[in-house]
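J.: There's a structure below that I have some questions on.
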Amino acid sequence: MSERILLSSPHMGGGEQKYINEAFETNWIAPLGTNVDGFENELAEYVGIQGAAAVSAGTAAIDLALNLLGVGAGDTVFCSSLTFIASANPIVYRGAKPVFIDSEWDTWNMSPQALERAFEDSASEGKLPKAVIIVNLYGQSAKMDELMEICNRYDVAVVEDAAESLGSTYKGKKSGTFGKYGIYSFNGNKIITTSGGGMLVSDDLEALKHARFLATQARDTAKHYQHSVIGYNYRLSNVLAGIGRGQLEVLDERVAQKRAIFERYLEVLSKVDGVSLMPELEDTFSNRWLSALQLDPEKVNISPYDLIDALNEENIEARPVWKPLHLQPVFEGCKFYAHGEDEVVSEILFERGICLPSDSKMTMEQQQEVIDVLIKNLEC
Ligand SMILES: *Cc1c(COP(=O)(O)O)cnc(C)c1O
């Protein structure tokens, strides 16, 4: 059987080894060191923000952001529903309760009208959320102007989960730089990877300094080991930060490759009745981390699951769209605000959506194989 075609896998650029070698030569294998500082500065410069703190995972970055915002027991945090569970897990780590917000059709991300209703309700109950976590799905930025306007009006801080949207922009500004805090992930499947890792970014350098303190066991400045608050072991290692520096050098190239993959799917699939690819909102630029589409059950004779199985039989990896968090058993009983009265957009996207192989290492021939299997199954 031919080599498996993957959704998204690590794609090294070649420069990573140089930074890893430097870490070895200086014996800076332990956490921290020049690669950590370099990776933080280079990423902050790339996205155009004051500062960055390198951590062990995107999840850790979200947890630190919520911690810095003072999220604690009894608080609520609003969060996009159509996302990977890591967006919301830190809300629970903090002892707070998530309230999930539906998607809208233009970006598949947080619906401003659902967010507005969630705020109206919480204001009338006299209990505003401590934070709002806005996710940018598969590289596509959410409607940041509309969403930020609402959050600013209620004076509630935003954490932008840009784990999937590094390199994307909204009205010319880099994804992840809109809220009080932004987070990125360098997990193995993301557009660039350090095998595992994450970044917390902000214009508030004092807050980032405190984040680094919390991420290294919150050790007070004293000659002995002294601690006044509970800390975490969340820092990124100097070796992995070296991989990140090399990966950052090829990020724009990866974005171009992912976008070209999307364009090739679009060219063929836009001609198939009942198939629609994920939109790109005007004035935004998506990194197209994953190419995603929807199947209209009225027009297409195959279900997303059967299509995923058909691809899998040809050794091609495809996945359903994220299962909305308000439908997850672990979040049963949590509040949820739908886009419209009888329209739950995230559920429809979940029922109809598929993520296609979007691996930047995929050859044209391999993508043609994927397209052939799709066409064969869609047009019968
Ligand atoms: C990957 C991902 C995360 C978590 O990042 P890790 O580095 O795996 O902890 C968070 N949110 C979203 C939307 C993600 O896709």
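J.: Return the only residue of Ala211, Ala163 being small (Gly, Ala, Ser) and over 16 Å from the mean Cα position of the chain (by Cα).
T.: Working: Ala163 fails: over 16 Å from the mean Cα position of the chain (by Cα).
Just a single option satisfies the conditions, and that option is Ala211.
J.: Mind checking whether some residue in the range 5-19 is surrounded by fewer than 20 Cβ atoms within 10 Å (Cβ to Cβ), of a type in the set (Gly, Ala, Ser), closer than 26 Å to Lys323 by Cβ and touching a residue at least 24 places away in the same chain (Cβ under 8 Å)?
T.: yes
J.: Inside the range 182-225, can you point out the residues that are away from the ligand (no atom under 16 Å from the Cβ) and outside any loop (DSSP other than H, G, I, E, B)?
T.: Of the range 182-225, the ones away from the ligand (no atom under 16 Å from the Cβ) are 202-210, 212-214, 216-225.
Once the filter is applied, which keeps residues that are away from the ligand (no atom under 16 Å from the Cβ) and outside any loop (DSSP other than H, G, I, E, B), the range 182-225 yields Ser202, Leu205, Glu206, Ala207, Leu208, Lys209, His210, Arg212, Phe213, Leu214, Thr216.
J.: Within the range 186-215, which residues are of a type in the set (S, T, N, Q) and in contact with a Leu (Cβ under 8 Å, 6 or more places away or on another chain)? Before the answer, list the steps.
T.: Residues of the range 186-215 that are of a type in the set (S, T, N, Q), as a first pass: 187, 189, 193-195, 202.
Listed by number, the residues that qualify are Asn189, Thr194, Ser195, Ser202.
J.: What about Ala88, is it among the aliphatic types (A, V, I, L, M) and in contact (Cβ under 8 Å) with a residue 60 or more places away in the chain? Spell out how you get there, then give the answer.
T.: Working: among the aliphatic types (A, V, I, L, M): yes; in contact (Cβ under 8 Å) with a residue 60 or more places away in the chain: yes.
When the stated conditions are applied, Ala88 passes them.
J.: Could you pull out the residue among Ala44, Ala88 that is within 19 Å of the chain's Cα centre (by Cα), under 23 Å from Trp289 (Cα atoms) and more than 16 Å from the ligand (Cβ to nearest atom)?
T.: On the way: Ala88 fails: more than 16 Å from the ligand (Cβ to nearest atom).
Only one candidate passes the filter, namely Ala44.
J.: Taking the stated definitions as given, is Gly242 over 22 Å from Lys180 (Cα atoms) and either of a type in the set (Phe, Trp, Tyr) or surrounded by 16 or more Cβ atoms within 10 Å (Cβ to Cβ) (or both)?
T.: Numbers: over 22 Å from Lys180 (Cα atoms): yes; either of a type in the set (Phe, Trp, Tyr) or surrounded by 16 or more Cβ atoms within 10 Å (Cβ to Cβ) (or both): yes.
Against the criterion (over 22 Å from Lys180 (Cα atoms) and either of a type in the set (Phe, Trp, Tyr) or surrounded by 16 or more Cβ atoms within 10 Å (Cβ to Cβ) (or both)), Gly242 qualifies.
J.: If a residue has to be within 14 Å of the ligand (Cβ to nearest atom) and either within 28 Å of Leu240 (Cβ to Cβ) or open to solvent by 10 Å² or more (accessible area, probe 1.4 Å) (or both) to count, how many in the range 54-85 make the cut?
T.: 18
J.: Here's a follow-up. Is the range 102-115 home to any residue that is under 20 Å from the mean Cα position of the chain (by Cα), modelled with pLDDT of 95 or more and open to solvent by 40 Å² or more (accessible area, probe 1.4 Å)? I'd like the intermediate steps shown before the answer.
T.: Of the residues in the range 102-115, the ones under 20 Å from the mean Cα position of the chain (by Cα) are 102-112, 115.
Next cut, modelled with pLDDT of 95 or more only: 102-112, 115.
Within this subset, residues satisfying the condition of being open to solvent by 40 Å² or more (accessible area, probe 1.4 Å) are 105-106.
Looking through the range 102-115, at least one residue is under 20 Å from the mean Cα position of the chain (by Cα), modelled with pLDDT of 95 or more and open to solvent by 40 Å² or more (accessible area, probe 1.4 Å).
Condition check ((1) open to solvent by 10 Å² or more (accessible area, probe 1.4 Å); (2) touching a residue at least 24 places away in the same chain (Cβ under 8 Å)) across all residues:
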{"position": "Glu332", "(1), (2)": "yes, no"}
{"position": "Glu341", "(1), (2)": "yes, no"}
{"position": "Val344", "(1), (2)": "yes, yes"}
{"position": "Ile354", "(1), (2)": "no, yes"}
{"position": "Pro357", "(1), (2)": "no, yes"}
{"position": "Ser360", "(1), (2)": "yes, yes"}
{"position": "Glu365", "(1), (2)": "yes, no"}
{"position": "Glu369", "(1), (2)": "yes, yes"}
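The values are calculated or read from the model by the stated rules, or taken from the named source; none is laboratory data. Owing to the predicted nature of the structure, the values given are computational and were not obtained by experimental measurement. No Cβ is skipped: glycine too gets one built from the backbone with ideal geometry, and neighbour counts run over all protein chains shown. Note: areas computed on protein heavy atoms with side chains; ligands, DNA, RNA excluded. Shrake-Rupley method; radii C 1.70, N 1.55, O 1.52, S 1.80 Å.
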